[in-house]
Amino acid sequence: MIRAESLTKRFVRPGGVPFDAVHEVSFEVPAGEVFGLLGPNGAGKTTLLRMLAAMIRPTSGAVYIDGQPALEGGDAVRSRIGFLSGNTRLYGRLTPRELLYYFGRLFSLSDAHIADRIELLAGALDMRDFLDQRSATLSTGQTQRVSIARVMLHDPPVLILDEPTLGLDILSSAAIVGFIHDAKARGHAIIFSTHYMTEAEELCDRVGLIHQGRIAAIGTKAELFESSGTHNLREAFLATIGAADARV
């Protein structure tokens, strides 16, 4: 469904020194799988996710959606991706319903189709109580639920979610985690970045551990536990990142 092939993104520090924020990253995520991307701050996660979402162009390498190049495929391919960034904002003067109609029309959906999708997503994300409230007045959790509804409005088969539950209360987090479970069951390919190891253990079929722009390990939870000699993702992460530092 989505394949990263030798993705590298190079930047230049002040003074003209080049560095790779992401270096030679390759993996693929089939339909119906949640792939977790875990790494410390500054590891290159956000840069990698933006390349996967065709938001920025890699220095080298490529991203494919159903075998089609994401960048060269134009809007037809990009419309198959739903991307939630860590700094998504809403138009404060619009209500969630108005905002979703606006984005639905950008995707050339009919008003009847948009209305059906809003009704479905409002139920799935527990949004009905604030659908017609100005977005500027929403809580953090409500704002995040609207942001996910915007990403899912056109029902893209590939979802790239950058820390969707960061800073949320238990009820909002539970609604979003439940929604991800449902999207997986409906066959979406999902890339899920998080700092919460318990969420990763609950949701992810496979996990990629990224450190200093490189994939330090990738596999199922059982495979990562066995290779690191640990019993949970937190310990596996620390052991793997420590081993990667030792090799530098």
Query - Solvent exposure of the chain as accessible area per residue, Å², 1.4 Å probe - result: 47 Å²
Report summary line: Taking Cα atoms only, helix 170-185 is inclined relative to the longest principal axis of the chain by an angle, in degrees rounded to 10, of 80 degrees
Query raised in the report: What order, most packed first, do the peptides 132-145, 179-192 have when packing is the mean number of other Cβ atoms within 10 Å of each residue?
Result: 179-192, 132-145
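To the nearest 20 debye, what charge dipole does region 92-248 have about its Cα centre, counting +1 at the Cβ of each Lys and Arg and -1 at the Cβ of each Asp and Glu?
Roughly 400 debye, rounded to the nearest 20.
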Query - Carbon/sulfur fraction of accessible area - region 1-120, other protein chains in place, 1.4 Å, % - result: 50 percent
Query raised in the report: Relative contact order (percent) for region 95-248, with alpha-carbon contacts under 8 angstrom and 6 or more residues of separation?
Result: 16 percent
Query raised in the report: If you wrap a convex hull around the Cα atoms of region 172-248, how much volume per residue is inside, in Å³?
Result: 91 Å³
**Report entry** Positive minus negative residues near Thr47 (Lys, Arg vs Asp, Glu; Cβ under 10 Å)
**Finding:** +2
Requested in this report: Arrange the peptides 71-77, 18-24, 94-100 so that the one whose residues have, on average, the most other Cβ atoms within 10 Å appears first.
Outcome: 94-100, 18-24, 71-77
Query raised in the report: About its Cα centre, how strong a charge dipole does region 185-246 have in debye, to the nearest 20, once Lys and Arg get +1 and Asp and Glu get -1 at the Cβ?
Result: 180 debye
Report summary line: If each K or R counts +1 and each D or E counts -1, the residues other than Leu109 whose Cβ falls under 12 Å of its Cβ total -1
**Report entry** Cα centroid separation, region 167-205 to region 109-132 (Å)
**Finding:** 20 Å
Report summary line: Counting every C-alpha pair in the chain, the percent lying more than 24 Å apart is 48 percent
Requested in this report: Please work out the FRET efficiency for the pair Glu98 and Glu5, using the Cβ-Cβ distance as r and a Förster radius of 45 Å; give the result to the nearest 0.05.
Outcome: 0.70
Query raised in the report: Which value in deg cm²/dmol, rounded to the nearest 500, describes the helix-derived mean residue ellipticity at 222 nm for the chain, given -39,500 (n - 2.57) per DSSP H run of n ≥ 4 and division by the residue count?
Result: -12000 deg cm²/dmol
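The values are calculated or read from the model by the stated rules, or taken from the named source; none is laboratory data. Since this is a predicted model, take the numbers as computed values, not measurements. Every residue, glycine as well, gets a Cβ built from its backbone with ideal geometry; the counts of neighbours run over all protein chains shown. We work out accessible area using only protein heavy atoms, side chains counted, and drop any ligands, DNA or RNA first. Shrake-Rupley method; radii C 1.70, N 1.55, O 1.52, S 1.80 Å.
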